[in-house]
Structure formats: C-alpha cells, structure tokens
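Worksheet: one structure, shown below.
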2 protein chains.
Amino acid sequence: MIREKYARLAYHHFPRTTAQYLGCQWADTALPEEGRPDFHPPPLPKEDPYCLDDAPPNLGYLVRMQGGILFVYDNQKTLKCQEPHSLPYPDLETYTMDMSHILALITDGPTKTYCHRRLNFLESKFSLHEMLNEMSEFKELKSNPHRDFYNVRKVDTHIHAAACMNQKHLLRFIKHTYQTEPDRIVTEKQGRKITLRQVFDSLHMDPYDLTVDSLDVHAGRQTFHRFDKFNSKYNPVGASELRDLYLKTENYLGGEYFARMVKEVAQELEDSKYQYSEPRLSIYGRSPDEWPSLARWFIQHKVYSPNMRWIIQVPRIYDIFRSKKLLPNFGKMLENIFLPLFEATINPQDHRELHLFLKYVTGFDSVDDESKHSEHMFSDKSPCPDVWTSEQNPPYSYYLYYMYANIMVLNNLRRERGLSTFLFRPHCGEAGSITHLVSAFLTADNISHGLLLKKSPVLQYLYYLAQIPIAMSPLSNNSLFLEYSKNPLREFLHKGLHVSLSTDDPMQFHYTKEALMEEYAIAAQVWKLSTCDLCEIARNSVLQSGLSHQEKQKFLGPNYYKEGPEGNDIRKTNVAQIRMAFRHETLCNELSFLSDAMKSEEITALTK
Amino acid sequence: MIREKYARLAYHHFPRTTAQYLGCQWADTALPEEGRPDFHPPPLPKEDPYCLDDAPPNLGYLVRMQGGILFVYDNQKTLKCQEPHSLPYPDLETYTMDMSHILALITDGPTKTYCHRRLNFLESKFSLHEMLNEMSEFKELKSNPHRDFYNVRKVDTHIHAAACMNQKHLLRFIKHTYQTEPDRIVTEKQGRKITLRQVFDSLHMDPYDLTVDSLDVHAGRQTFHRFDKFNSKYNPVGASELRDLYLKTENYLGGEYFARMVKEVAQELEDSKYQYSEPRLSIYGRSPDEWPSLARWFIQHKVYSPNMRWIIQVPRIYDIFRSKKLLPNFGKMLENIFLPLFEATINPQDHRELHLFLKYVTGFDSVDDESKHSEHMFSDKSPCPDVWTSEQNPPYSYYLYYMYANIMVLNNLRRERGLSTFLFRPHCGEAGSITHLVSAFLTADNISHGLLLKKSPVLQYLYYLAQIPIAMSPLSNNSLFLEYSKNPLREFLHKGLHVSLSTDDPMQFHYTKEALMEEYAIAAQVWKLSTCDLCEIARNSVLQSGLSHQEKQKFLGPNYYKEGPEGNDIRKTNVAQIRMAFRHETLCNELSFLSDAMKSEEITALTK
C-alpha cells in the first residue's frame, strides 16, 4: 500500500490485481487510461518527427526551488504568499518514515521466514508447472501461426547510448572517419584547431593498425569487482580525447560522430524490425545549458528512430563537481537537472527544441557504482540539498528521493497540460547496500539489475507482489559483479518476478553484431530456457518499456494492460495462455493469503 | 610410438616434438612437405573450380576386397598370384594387439596415478602462467597491429551440412520457395507428380503460418540424453517429406533446395571473410552409386566455396540396412563406400566428376549415437566384414578399424599418383564407452567431441602428448549429453590439449545468424576466456582443418607447421608468443620426463 501511494502520485505503474486484493484506492476507480504513465505516440509515417510547430502556449507559471524540490507558482502573488500551485509534493518526513517502516520489515524475523517460505513455494510451484505443462505450452506455441521467438517484439530495456554499439562497430567507425576525413578539424585545444590526423598523431597511433585489442574497451577478467577500471573502458585506447570525440554529444563537432554511430545502431534495429531499445543519454547537472544542448544535438543530427526511446541518466557524481568547485551545493545540481524541464513544460513556445526532444524521452535513470559506501545516513535530519555544501557525496537514497520528488511534481504539472510523463527507472541492487532496493521500492517505476534481491527474501517477495519490473543484464554482471552461473535471473523468472533481459553496454560486454540476441541466446543456452520462457521475458520487456500505449497495443494485443490471460494475445506475444493463467493464479493466491490475514486481523481487533 | 606408426602409415599428423623426444623414426627425416597430409590448394581466382579437364590417365590397376580391405593389383597376373601392389596394409592382428596394449595401459594403477598427477600439474601450471603473464600476453596483443579476434581465421571444424543453416534460415527458405514456386513439381509418389503446394496441402499446413516453433527442429530440454529424439529433429515439422525435399542431395529436384541453402550459408561465410567451415555430407554405403550422385550434385549446383572444405560422414547404421535386406554383409557396405574412390583414383579419366569433387573433400567422419551399446567385442577372432552377415551392428572399434584401413590404402595409392589424401576424423568420446577413444587414438587424425577424455586420465594424457586435435561443441553437448558448465573444454584448453570450437548443428543448437561466433561468444562469456585464449582456439581450428598448406601459410604464417613459438606469426594469429613459448616448453618438459625414464630403464636393463 505504501508503494501504491508513491506510484499513484508519480504516475508510475502499479498492478491492478495487487491493488484490488489490498483494497487500495486505485483498485476500482482507475480506467486503463487514467492514472497510468502516458508516453507520446510515435509520429505517423508521413509526419515530421522534428516538427517544432505544435508547442503549446506559455502558462506564465513561476518555478522556485525550496529544500531541493521545485515548486510551481501560478503568479508573482502566490509566490509571495508561498502558495504553490496545487500539485502533490512528496513529504520528506513521510518518506523517511515509510523508509524506516520497510527497513524494519525486511529485518523482522517472522516476516523473513514467511517470505522465504513463500518464495521457495513459488519456485517449487513453477517446477511443478513446468513438469506438468511444458509440453502443453509448447503445443500451444506450435499451433500459434506466424509468431515465434524471432518475430515477437523485444525491447532492450537497459542500455547506455555511449556503449550501444559493439566494439567492432566503434573500431570500424573510427577507421572510417580517418580514411574519409583525416584533415577535418575535429577539436580545439588552447585556441589551436586540430585535425583528426593530428589527434591520432599526438596519440602516436595509425588507425589502420588499430584493433579491438588496442581499442581496449571490452570488459575482461580485470574488471570483475573493479567498477573504476570498468569506467575507464569508456576511453578508446585509454584516451579521453577519443571518448570526447566519438562518444559525446558535446564537442567541437557538436557530437556528430556519436550521433552518426547511434543512428547506425538505430538503422540495424529498424532493419531487424522486432527489436527496440531504450538508450540512456547523460545529463550531469553541472549547468542548466546541458538540456538545450542535448535537445539541439538530437534535432540537428536527426537522431530520432521509431525503434528507440530515450532515457536520461544522471550520474551520482556531485562530489566530483563539488570538489572541482563547479557547483556550490547539491540543490544547484538538482536545479540544473530539473528547472529546464519545468520551464520547457510551462513555456514550450520558448523552448521548442527541448519540448520536442522530451516527446521522445520517457524516463530518468540514476547511475553510478553502487558499491561505493556513503558515510551519511539519510533521515529527516539530513541537510537539505540547498545547504548540502560539503564535498561528500549524498547517499543513494538521498539521490533517489530528490529525483523522485522532482519527477513527481514535473509529471503532475505535465499531466495537467496533457503532456507526456516520465518514469523513474534507476539502476538499483547491482551492488552495495540492500537499502538501495528499499528506496527504489518506494520511488522507482522499475529498476535495472536488482541482483541483491537475492539477499533479502522480504524485499524479493515485495518486488514480486508489486510486480516491479527488473531489467537484468547477466552478461554485464558476469564481467562486473556476479558470475553468470550464479545470476538469479532464472530463479526470479521462475518465481514470477517481472524480469526482462537487457544488454547494459554492448561495447564492453558483447561479441556479436546482435547484442540483445546474444543476451537472449546465452540465457537460453546456459539456463535451458524454453521458447515460452524467452517469449515471456520479451513480453515483459515491452510492458516495462516506455513505448506508447498505441505501440504496446500493436505489439502485445489490444488488451495488453489487463492482467492475467485476458491481457495476453498469443498471436502477438507467443506466450502460452497456460503460462499466463499460471502466473495470474499464483499471484492471486499469494495476495489472497495476505488479504485474508489482513481481514482476520481486523476481525480480531474488532472482537477484542 | 604406436600412434606415430599409425599416423605415419596413413599420412596423418603427428607432432614432430613428440616424435623427437620418443626417438621415433619420423623425427629427423621428414621435411615438412614429406609424410604429411596433402590437400588440394583452392583454385586460383580466375580458375574454374568445376573444370573437368585435368584428370590424369588410367593406370589400369585392379581392386579387390579381401577381408574388408581393398587391395590394389597392378594387373590380372598379380591379381591371380595374389601379389598386391606394394602399399602398406594395416594388419588386423597388430591392430588388436596394439588396442589391448593401450587398454591395459589405461587401467594400470600406477600409470593412472602418474597421468592424473601430470594433468593436475599441467592445469596448475597454466593457472600460474595466467596469473603471471596474463597482462603481458594482453600487452603483446594490444601492440599487434591490425589483427584482433574478429579478423583471425576461424574454422568450424565440425558441422553437418544438413544442419549448417540455422532454424530461422531454414524457415525463411521454405517460405520463400512456397511463395515463388508453389506449382513446381518437387516430388513423385507412386508415379504421381506432386507440386510444392500439394506437399504442404497433404501436411495440412500453410507455410505462411509456419514458425520456428512449428518447424520444431531446435533441440530443447527434451533431447537431453535422447539421441533418438534429437535425430528426429532433422525432420522439419516432424515430416520426413520435408527433410527429403529440403535437406537431401538426392531427390526429385536433384537436391537443388539443399544446394541453394548450403550456398547461402557459404555466401555468408565468404562475406564474413574470416570464417571457414568443414561441413559433413553423408555417404551411407547402401549402393556404389551414392558417390557419383553426390559428385554430380556438387558440380551441377555449383556448390564449391573457397570458405568450405568437405568431409564425408559415414553413419554407423549397417544394422538398419541389413535388416531391410539392402546389404548382404558389412563388407559390401565398405565396398560401396570405398571402391568408387579407388576406381576414381586409378582411372580419373572415366570418373571425372568424382575426381573433381574429391579435390574438395579432405576427410572422413564416422557418425552415430555412441551411447548405443554393442554386444560384440572386437578381436582378431571377430568375423571378417565379408562374412559379417548378421543383423547386429559391428562395434565402434570395428567400424573405425575398417574405415581407417581402407583410408590408409587409399591415401597411399593417391599419394603415389600425386593426388590429395584424406584424414580420418571420426566422432569420438561424445558418449558411450571410453574404449572408443582408444580406437581413435590409433586410427584418427583428429576427433570430434572427446568429452569422455574427462574420465580417463591416461587417455587424456596420451591425447595431450600426441597433441591430437579435438573439435569440441559445448552447445551441442549442452543439449545432448553434458551441461555447459560441466563441459571440459576450458580445462582441456588450460592443460594444453589441442582443442577447437565447432558448432555441430546450427539448425538444432544456435539462435543467432552467426553460429560459430555464438559458440565462441558463449565460451568466452561463461568461462571468461581471454582474447589470447580465443585466438589460440582459432589457430588450433585452422591447424586441424583440411585447409591446404598454401592457405594455412596465408592464414597462420609461412612457418605454421613448425612447433612452438617459431611456428607462430602473431601478426596473423594474434596469439601471444609468451603463450606459444609456455605451451611448447610445457610439452617438452613432459616429454623429457618420459624420455629420461625410458633412457634410465635402458641403462638399468643394460647394467643388469
């Protein structure tokens, strides 16, 4: 019920079945269209995806940050009286209370035993289902015309744009630019213009000799448990010059090379027809100019692709900016990230480019090495972002709360205007403390990784009951945090958690041209997944993606938003109805245990 | 020394280093060109690969089978006096003695302990090498210009032609034929001509609705330890009509569809530039006409590709043919398999097509389910093939001996004429008795699978010392006999056995378009293989393949046939010299232990 409240306020997903069993407010009132996230449908075939003409008028609202959260005022008067526009604002006190409530729950002995047993039960139940119904499932799929694993839609739900091409692709691109335009001026150093040839000369390198080995962007045994080494793999040949030139949106060329490579990747997706991807682009929060510059990059280089939806990732590196004196406090970073979005929402006319770009952005991600320990413990006594001036980095839960809070306000403002909303989809549970998963349980629509759910039966059970989507990347984990054979994906899938497969960083982790297929193939081989398993994962990936309602109807069936077998159209998803029924009955069974217990407690309380 | 004798007589490989340490006959005399297998170099770019004009004249020799082996006579007179042409003939008595010698060795307690310890030592030594030299190896590779894992040559050393396309490819091809030529007559039943449309009508199927699920050629959990079920996966949609139509060289269309698909696969290999493959085509031995018919198929449909070399597989299914009364005895089967080859070798003028086809055939394979138990125990008392009339199938070692014997005679005859020779490359050690590995130790140039070496330390050590190449297919094993994580490939590679990676059956086991890359990628991911490991495997694959001397020089370097680091050209192979030196020193070290022991035994014997 706690999560339901947070999800509802921010226009995140919450499963209707669960809401009904818990008797949540949302359960009966909400129509499928209402209270759900809302993404911009893709432009029609003949429509110009870069048309800047439909920007709605200026509302004239004013925005001010207070305590790390942006408040919207209708006009100067209400600003003066401190009467903000009636948008729900999350309350720090409630949040920290909710946090500690769940923290208490996950360490409570009897709750742990209960959840542990139910999870074991779920796993055994699936084994039984498999033994009994495996052949029937396969029979259903065999008699399903024209649809198989190859032509069901799959979304790469977690991938970083700067690593969305594989190593061989990057290598080929670098060689190609050197062959075709060695004398082009590509950068400027201390006022001196430098050509591509000079860049390579200064690195003492002939691109003809360059290989994937010397490029050295692939993760290997050296990166295991070394996120620092992994991060440096983003520098081709270890040279940050080449990263700036080829993998950034802001440089002397206006990010042209990067855009060209991303578009080549998009073209491959479009050719494959059934594959989609949700690449992350960075906004750092160093300056408010980052947003207009990113939007300009997108429009100028025409990066739009029907097979891509964009997510903005915010690296948790305030400490680095602060120590370099680029920021006065954490509040300023939040302001740089969110204020431009509020402005573009209130006055799209004057921020046409950003307004347009935001049509194709569907969410926010929070990224960095989770295993870094933070000394600060987040509570309602913690300093507010505007007085967080120390060089220390705020803890994970602090980042998550303030990102969630601002996204929530922004979503409500945008919804009022009939504009698309955003999902909060942080990296969570890849490493570090399991409390990260508690923060995300409240604030996230869905998460990437979730490995550490392995270690907390209560949280795992809660993620199951709330059907929180988890984008898992076992090949990434295999190079960084957890060996493939120990990855919990198979176990999570069996229990019924809402998992999808994603690549994270094809540049660092994959070998073949088709990274997402490689990810599916290896999972299928190592864990002996059936076609039905694979198609269930693919269906999950579309559901949890930022694809619009219209696209999801096309890819999954008109009733995709309904839960259980009636939401499944086997002709589109190739998921057996037996499987769907099993999943739904199992979830209802777990929920009815809980609601029965709740009722009997109420009765006990009444009769006392 | 026993193996060296068998290898020498049949023009198989034997490592010179090992020969030198053991003081074998071959050690010093043989130049690289001498006594080694000899394959036809590929036609020059402007040469016609199907030119039938260069057939050498008829020698007029006569061939007769005796005791299951073909003997060559210079003329009627020598035939009458039973004085065969002086070609080495293997002797059944010696063979069975050698077999029992090695069988005794592998069960001898002290030998087992010794080999077990040496193998453990080899593994630990590699770990140590890895810890100390991993970074130096990688540094070598990084500074190696223009060559990386993607552009080193790789050969798919074990693949069946009838399953060389992946399931999606087969599906697409079937749909394409139906779309483009539904009214073509494709088969004949009881004199009635049947169109493609009628074939599908009779199966109650619309190819438009066909999916990889309904095609059902992919191995799944159901095939594990069920080779029978696996074999039936060769029938698309479970219909043997479709297998005949699409996957056979002999049918109403003269195998046109199969040829077209094989050529599409070949085209993909040619486009990839660095990948080669050695597909197996079947000769069953039911009739002597199989050979000319196969050669005609090859030439008529122009199946030649520079990226493919052909291997002939002989299924061990005499029992089926005998029970259907297609064959009077086992000797007839051998005659059907080998006599046409002798005739084409003696009189190429009159067998031009077969003579031409044999230029592109480089070896023989022996295939079937090894886990089938045979009741017969092969010895020199066993009935000869010409009197093997029972319906019982001869045991594995019987098949191997008679195939080896005839290949050996054939190779010697062909060598005399300056024609290319063949390698014997049976499936061995996939399942069943470990004695199979003893037979192959004597008779095979190299083997496919070799999983069961895991179970015999003595044999494993012998395969190491003799550097017998093993084409391993862990994804195939994963679906049939052994889970991926338990596959010994990584361990064999570490110890220094001569392993390569191969796909076996992309149709049944692989998901992506690039089956061989999928095989390498999964091995690299699951076992965390380094680039140097991968390139070592790729180099092994070229070495053990039937590519010609000229091609191997081009792909591996001019001195590729030399052992140790001097045989390695890092600019072509991307294998670090440190690795090569480690392998060579380690092998020399093991061998010097043995030769020292031999010497000290001689001294002891002398002083007694």
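The values are calculated or read from the model by the stated rules, or taken from the named source; none is laboratory data. Just so it is clear, the model here is predicted, and its values are computed rather than measured. As a convention, Cβ positions derive from the backbone with ideal geometry for all residues, glycine included, and neighbour counts pool all protein chains shown.
Determine whether region B:546-554 contains at least one residue that is surrounded by 22 or more Cβ atoms within 10 Å (Cβ to Cβ) and either at pLDDT below 95 or closer than 26 Å to B:His160 by Cβ (or both). The answer is yes, given that some residue of region B:546-554 is surrounded by 22 or more Cβ atoms within 10 Å (Cβ to Cβ) and either at pLDDT below 95 or closer than 26 Å to B:His160 by Cβ (or both).
Here A:Leu105 fits the description: more than 14 Å from chain B (Cβ to nearest Cβ), touching a residue at least 60 places away in the same chain (Cβ under 8 Å), surrounded by fewer than 19 Cβ atoms within 10 Å (Cβ to Cβ) and of a type in the set (A, V, I, L, M).
Would you say A:Ser277 is of a type outside the set (A, V, I, L, M), modelled with pLDDT of 95 or more, within 28 Å of A:His218 (Cβ to Cβ) and in a loop (DSSP other than H, G, I, E, B)? For A:Ser277, the condition - of a type outside the set (A, V, I, L, M), modelled with pLDDT of 95 or more, within 28 Å of A:His218 (Cβ to Cβ) and in a loop (DSSP other than H, G, I, E, B) - is not met.
Looking only at residues in region B:118-134 that are under 16 Å from B:Ala576 (Cβ atoms) and surrounded by 14 or more Cβ atoms within 10 Å (Cβ to Cβ), the one that is nearest to the other protein chains (Cβ to nearest Cβ) is B:Glu134.
Tell me the residue from A:Glu416, A:Glu375 that is at pLDDT below 95, over 18 Å from the mean Cα position of the chain (by Cα) and not in a loop (DSSP other than H, G, I, E, B), please.
Only one candidate qualifies: A:Glu416.
When region B:296-341 is examined, which residues are found to be among the charged types (D, E, K, R), closer than 27 Å to B:Leu62 by Cα and crowded, with 20+ Cβ neighbours inside 10 Å?
As a first pass, look at region B:296-341 and keep what is among the charged types (D, E, K, R): B:296, B:302, B:309, B:316, B:319, B:322, B:324-325, B:332, B:335.
Filter again for closer than 27 Å to B:Leu62 by Cα, leaving B:296, B:332, B:335.
Answer for region B:296-341, where residues must be among the charged types (D, E, K, R), closer than 27 Å to B:Leu62 by Cα and crowded, with 20+ Cβ neighbours inside 10 Å: B:Lys332, B:Glu335.
The single condition from (1) within 14 Å of chain A (Cβ to nearest Cβ); (2) closer than 29 Å to B:Asn231 by Cα that B:Gln544 fails is (1). Kindly indicate the residue of region B:46-98 that is outside any loop (DSSP other than H, G, I, E, B) and among the charged types (D, E, K, R) and also nearest to B:Leu410 (Cα to Cα) among those meeting that condition. Selected residue: B:Arg64.
Every residue, every condition in (1) among the aliphatic types (A, V, I, L, M); (2) without any contact (Cβ under 8 Å) to a residue 40 or more places away in the chain; (3) under 30 Å from A:Cys532 (Cα atoms), yes or no:
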{"site": "A:Cys51", "(1), (2), (3)": "no, no, no"}
{"site": "A:Gly67", "(1), (2), (3)": "no, no, no"}
{"site": "A:Val72", "(1), (2), (3)": "yes, no, no"}
{"site": "A:Pro88", "(1), (2), (3)": "no, no, no"}
{"site": "A:Asp98", "(1), (2), (3)": "no, no, no"}
{"site": "A:Pro110", "(1), (2), (3)": "no, yes, no"}
{"site": "A:His116", "(1), (2), (3)": "no, no, yes"}
{"site": "A:Arg147", "(1), (2), (3)": "no, no, yes"}
{"site": "A:His160", "(1), (2), (3)": "no, no, yes"}
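Only one of the numbered conditions (1) among the hydrophobic types (A, V, I, L, M, F, W, C); (2) part of a strand (DSSP E or B); (3) within 11 Å of chain B (Cβ to nearest Cβ) is not met by A:Ala471, and that is (3).
How many residues are over 16 Å from A:Leu547 (Cα atoms) and either assigned to a helix (DSSP H, G or I) or of a type in the set (Phe, Trp, Tyr) (or both) when one looks only at region A:419-448? If you could, list the steps in order and put the result at the bottom.
Restricting attention to region A:419-448, the residues satisfying the condition of being over 16 Å from A:Leu547 (Cα atoms) are A:426-444, A:447-448.
Next, from what is left, pick out any that are either assigned to a helix (DSSP H, G or I) or of a type in the set (Phe, Trp, Tyr) (or both): A:435-443.
Of the residues in that region, 9 qualify.
Quick check on my filter: what residues within region A:325-342 are more than 12 Å from A:Leu358 (Cα to Cα) and in a helix (DSSP H, G or I)? It would help to see each step written out before you state the result.
The initial filter retains those residues of region A:325-342 that are more than 12 Å from A:Leu358 (Cα to Cα), namely A:325-339.
Matches in region A:325-342: A:Phe330, A:Gly331, A:Lys332, A:Met333, A:Leu334, A:Glu335, A:Asn336, A:Ile337, A:Phe338, A:Leu339.
With respect to B:Gln525, is the statement that it is within 11 Å of chain A (Cβ to nearest Cβ), without any contact (Cβ under 8 Å) to a residue 12 or more places away in the chain and surrounded by fewer than 24 Cβ atoms within 10 Å (Cβ to Cβ) true? Here the answer is yes, as B:Gln525 does meet what is asked.
Would you check if A:Ala27 is touching a helix residue (DSSP H, G or I) at 6+ places or on another chain (Cβ under 9 Å), at pLDDT below 90, not in a loop (DSSP other than H, G, I, E, B) and not aromatic (Phe, Trp, Tyr)? The answer is yes for A:Ala27.
Annotation note: of A:Tyr257, A:Tyr246, the sole residue that is under 20 Å from B:Lys142 (Cβ atoms) and at pLDDT 95 or above is A:Tyr246. Only residues that are free of Cβ contacts under 8 Å to residues at least 12 places away in the same chain and touching a strand residue (DSSP E or B) at 6+ places or on another chain (Cβ under 6 Å): list them for region A:169-196, please. Residues satisfying the conditions are A:Lys193, A:Ile194.
Taking the criterion of being within 30 Å of A:Thr362 (Cα to Cα), in contact with an Asp or Glu (Cβ under 8 Å, 6 or more places away or on another chain) and within 12 Å of chain B (Cβ to nearest Cβ), would at least one residue in region A:269-279 satisfy it? Within region A:269-279 (the criterion being within 30 Å of A:Thr362 (Cα to Cα), in contact with an Asp or Glu (Cβ under 8 Å, 6 or more places away or on another chain) and within 12 Å of chain B (Cβ to nearest Cβ)), the answer is yes, since at least one residue qualifies. Of the residues contained in region A:484-500, none is found to be in contact with a Ser or Thr (Cβ under 7 Å, 6 or more places away or on another chain), touching a residue at least 40 places away in the same chain (Cβ under 8 Å) and of a type in the set (A, V, I, L, M, F, W, C). Anything in region B:176-215 that is closer than 15 Å to B:Leu247 by Cα and of a type in the set (D, E, K, R)? List them, or say none. Those that are closer than 15 Å to B:Leu247 by Cα and of a type in the set (D, E, K, R): none in region B:176-215. Being within 11 Å of another protein chain (Cβ to nearest Cβ), over 16 Å from the mean Cα position of the chain (by Cα), assigned to a helix (DSSP H, G or I) and surrounded by fewer than 24 Cβ atoms within 10 Å (Cβ to Cβ) is a property that does not hold for B:Ser479.
Restricting the search to region A:458-490, which residues are over 25 Å from A:Asn166 (Cα atoms) and of a type in the set (A, V, I, L, M)? Scanning region A:458-490 gives A:Val458, A:Leu459, A:Leu462, A:Leu465, A:Ala466, A:Ile468.
Residue check: A:Leu423 meets all listed conditions (1) on the phi > 0 side of the Ramachandran plot; (2) touching a His at 6+ places or on another chain (Cβ under 9 Å); (3) at pLDDT 95 or above but one, namely (1).
Between B:His449, B:His498, B:His436, which is touching a Cys at 6+ places or on another chain (Cβ under 8 Å) and closer than 22 Å to B:Leu529 by Cα? Steps first, answer last, please.
Numbers: B:His498 fails: touching a Cys at 6+ places or on another chain (Cβ under 8 Å); B:His436 fails: closer than 22 Å to B:Leu529 by Cα.
Sole residue among the options that is touching a Cys at 6+ places or on another chain (Cβ under 8 Å) and closer than 22 Å to B:Leu529 by Cα: B:His449.
From the list B:Leu501, B:Leu462, B:Leu442, exactly one residue is in contact with a Leu (Cβ under 9 Å, 6 or more places away or on another chain) and within 14 Å of another protein chain (Cβ to nearest Cβ). Which is it?
Details: B:Leu462 fails: within 14 Å of another protein chain (Cβ to nearest Cβ); B:Leu442 fails: within 14 Å of another protein chain (Cβ to nearest Cβ).
Only one candidate qualifies: B:Leu501.
For region B:425-451, residues that are surrounded by fewer than 24 Cβ atoms within 10 Å (Cβ to Cβ) and either small (Gly, Ala, Ser) or within 10 Å of the chain's Cα centre (by Cα) (or both) total 3.
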